Every structure is written in C-alpha cells, then in structure tokens.
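The values are calculated or read from the model by the stated rules, or taken from the named source; none is laboratory data. All values reported here derive from a predicted model rather than from experimental measurement. Positions of Cβ are backbone-derived with ideal geometry, glycine not excepted, and every protein chain shown enters the neighbour counts.
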Amino acid sequence: MQPLNLPDLANALKVSKSGSLQCVIRACHFFQERKYGFTPHDLRHAYNHRGHHLNYNPAAF
C-alpha cells in the first residue's frame, strides 16, 4: 500500500469567500487529484460509524 502523504497547508484556518476553511478545500482537492475514490468527509463518517458500533464514547476523547 502506498503511504498517504498529506500536503503542508499554509493558512489552513483561513476562511475562503464561500465560507469554507482553506484546509477543507485543499484536502478535498488533494483527494480528488489522486483519485482515492473517497473524500475526507467519507473518512469522518466511517470513523464515527465504527466508533458507534464499538460503543466508543466520543466525549471521552
């Protein structure tokens, strides 16, 4: 498996004209350019879904 090398995000918390954070926009473009077949949001959803099924308490983290 190829390692996932994430980009360096200068001004990651800067808000764009559309109201999105630069890190969100850049991360989505990064995944699209490499044709991973999933989005950062998909990863977040999978994490939450698995945690729910394993009875993890998100407040504990």
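The residue that is surrounded by the fewest Cβ atoms within 10 Å (Cβ to Cβ), among those in the range 14-32 that are at pLDDT 85 or above and closer than 13 Å to L4 by Cβ, is F30.
State all residues of the range 33-47 that are surrounded by 13 or more Cβ atoms within 10 Å (Cβ to Cβ) and within 10 Å of the chain's Cα centre (by Cα); if no residue qualifies, say none. Once the filter is applied, which keeps residues that are surrounded by 13 or more Cβ atoms within 10 Å (Cβ to Cβ) and within 10 Å of the chain's Cα centre (by Cα), the range 33-47 yields T39, P40, L43. Under the condition of being within 26 Å of Q22 (Cα to Cα) and either among the hydrophobic types (A, V, I, L, M, F, W, C) or touching a residue at least 60 places away in the same chain (Cβ under 8 Å) (or both), the residues counted in the range 34-61 number 4.
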